[in-house]
Structure formats: C-alpha cells, structure tokens
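All remarks here apply to the structure that follows.
Derivation of every value follows stated rules applied to the coordinates shown; laboratory data play no part. Everything numeric in this text was worked out from a predicted model, so none of it was measured. When we count neighbours, we look across all protein chains shown, and the Cβ atoms used for this are built from the backbone with ideal geometry, even at glycine.
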Amino acid sequence: MRLHATGGPLVCDELPVPEAGPGELLLRVSACGVCRTDLHLVDGELPGIRRPVTPGHEMVGRVVLAGAKARFREGERVGVPWLGGTCGNCRWCREGRENLCDHAVFTGCTRDGGYAEYAVANSDFCFAVPDRYGDAEAAPLLCAGLIGYRAWRAAGDADTVGLYGFGAAAHLLAQLAVSQGRRVLAFTRPGDAEAQRFALSLGAAWAGGSDEPPPEPLDAAILFAPVGALVPAALAATRKGGRVVCAGIHMSDIPSFPYRLLWEERSVVSVANLTRRDGEEFMRLAADVPLHASIERFPLAQANDALAKLRDGELQGAAVLVNERGT
Ligand SMILES: [Zn+2]
Ligand SMILES: [Zn+2]
C-alpha cells in the first residue's frame, strides 16, 4: 500500500519481491502498526519523503532470506523500527546519539516500510521480538512503545506524569509508569469519555480533557498529541523544575505564552527517533512488566481505513495492518 502523492490515498501496487543485499534481510511481513507519523507522511509534513513510498515502521516479519553477514537467520522473527540505518561516522553517531544521525535512513519514509507483504531491512537495526507477543501485538511496541519509552526517560524521575493524547504510545507508557509506582494523569481530547475510561482502566489516577486543570501539579508532562497549544497548557500544569517532553515528529505551531509559565526552571524538550539501545532496553522491559498492546486489526488492503480512523481519533490503542495471505 503505497503513497504516490501528498494527501494520498495509499494505492495497492503489485511489485516484484525486493532483494536483500549484504547485511540485509528479506522479510515476509505479517503485521505492521499504524503510527501518527504515517499521517504526517501522507500529509507531506516530514522532510525527505521518497515517493512513491511504502509507509510503515512498526513491522513484524519473518526472515525469508538473509544477506551475507546479516545479523538474523532465515525463519527468525524480527521487528523493524523507524530508525532503519545510520552512517556510523558523523558526530552524532560517534557520540552515541545515532537517533540524530545526519544521514539516517527512516523505515517507511526514506526507504520502503511495512505496509507490504515483503520488505527489506538492514539487519543491524532490527530487533528480536519477545516470544510472549503475537506478531500483531508486538507491532505497536516498535514505535509507539519505543518512542514513549524514550520520552519517559527524557521526562526524568517524575512521580506524577501527565500524558497528553491517550493513543497508542500513551496506553503503553501508562502501563510502564504504573508498574513503577508512578501516578499517571491522562489528558484526552475534551469530552472524549471513552478515551478517559480507557486510561483509567489501565491504572491512570485521573483522566480528563486537555482543557481541564489536573487535580495536582505534574512533575513532568509528555505530549503525544501533535497540538502546539498543549505546550503552554502543559507548562501551566507543571510544577517548578518540571519538564515538558514533546514526543511527536511534527506539531502545529506553539502559540506565544507568558514567560512566567517557563520561569522557575521548567523546561521544554523534544525527543527524536530512537537509538538501538532504546530498542533493546525497551523490548526487555515490555516483556518483563509485561505491557499489553490494545490493538485493532485491519487487513493490509484497508490501510486507508486504518489511517482515517487514527485521524478521527476513533481508535482505542493502536491500529495494526495484518497480512492475511500466507500467514
Ligand atoms: Zn551518523
Ligand atoms: Zn511511529
């Protein structure tokens, strides 16, 4: 299911099975999560988008062919995340911050991703998937879970954390935070009672609209909703010294706000992409807690429907495209 032009829709193309080069894996894709980044891709809001391109960077598949010196073997199950490759030489790679690599390859953006029956991936950037997860259940861990985890670390040692936007990422992170004894306050679209019930069912101490003040000040806030106006709102809800973490790849403009919201050593930071270390750590943690992904399955051919439901806020948890042919 490929994107040919900004705005979409994705088109079902028949293509030859791609070939794996040295260090690469040819995968039979069994499941691929649908991420908000895919909407930004369709809307042309990201730099460097290849067209046509096959979106999808929460891919779970089995190795059909392993290129020379590849890190996995034929028959093994692997997960493929957003970070599909790095140069290994730039300043950021050398400093252990490969998420900021100047020449990074992004799955489903600058190289074809998992909205497909077959895909090729650089084996050095694939993860083993914990056995306890089915293919579709594992898919959202690969971005929603992972980026949530990176944002969680960036938030510092927060006892009370506010999650703005309670979708795929927040529903996984809430479970992680609660398992560590933290208080989770969930902010949803105003009036979205269903999302608020969902948050409470996962252990959130409070759930309300993003236009409501929380019952207590936050130590940190993590913004998953791509809404710039939430930055000053989250700062206003955060105590002295607290941190507001923007976890999305794209956000509408942040409106101007009075300095007193930032004063007293509050900070606003963003997280970008992931490192392989994040992935290894998070996969272990997810299996240990364990985290349960709440998913809605769609046949691959219905990718446009899944994207539309995500756009309209009609999903609880994550949408996952599944390949029904041959798996
Ligand atoms: Zn680099
Ligand atoms: Zn993503």
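Quick notes
- Under Karplus coefficients 6.51, -1.76 and 1.60, residue-wise ³J(HN,Hα) of the range 61-69 in Hz, glycine/proline x: x, 10, 6, 8, 9, 10, x, 4, 6
- Net charge over other residues, Cβ less than 12 angstrom from the Cβ of Gly191 (K, R count +1; D, E count -1): -3
- C-alpha center-to-center spacing [the range 1-65, the range 116-169] in angstrom: 18 Å
- Relative contact order of the range 1-136: 31 percent, from C-alpha pairs under 8 Å at least 6 residues apart in sequence.
- Placing +1 on the Cβ of every Lys and Arg and -1 on the Cβ of every Asp and Glu, with no other charges, gives the chain a dipole of roughly 580 debye about its Cα centre.
- Net +/- balance of residues flanking Pro140 in space, Cβ distance below 14 Å, scoring K and R +1, D and E -1: -3
- Charge tally in the Cβ shell below 9 Å around Leu310, where Lys, Arg are +1 and Asp, Glu are -1, Leu310 excluded: 0
- Mean-square fluctuations from a GNM of the chain, with a 10 angstrom spring cutoff on Cα atoms, peak among Arg153, Arg94, Arg28 at Arg94.
- For the range 1-21, backbone nitrogen atoms closer than 12 Å to the point 7 Å from Ala301 Cα along Cα-to-C-beta are found at 12-13.
- ³J(HN,Hα), Karplus 6.51/-1.76/1.60, whole Hz, each residue of the range 96-107, x for Gly, Pro: x, 10, 5, 4, 9, 3, 5, 10, 5, 9, 10, 4
- In this structure, the amide hydrogen of Thr160, modeled 1.01 Å from its nitrogen in the peptide plane, lies closer than 5 angstrom to those of Arg183, Asp219, Ala220, counting only residues at least 5 positions away or on a different chain.
- Once backbone amide H atoms are built at 1.01 Å from N, Arg111 has Phe106 as its partners under 5 Å, excluding neighbours fewer than 5 places away on the same chain.
- Three principal axis lengths of the range 268-327 [C-alpha, angstrom, descending]: 35, 33, 20
- Computed FRET value (nearest 0.05) for Ala128 with Ser270, which takes r as the C-beta separation and R₀ as 35 Å: 0.75
- Relative contact order (percent, whole number), the chain, Cα cutoff 8 Å, 6+ residue spacing: 19 percent
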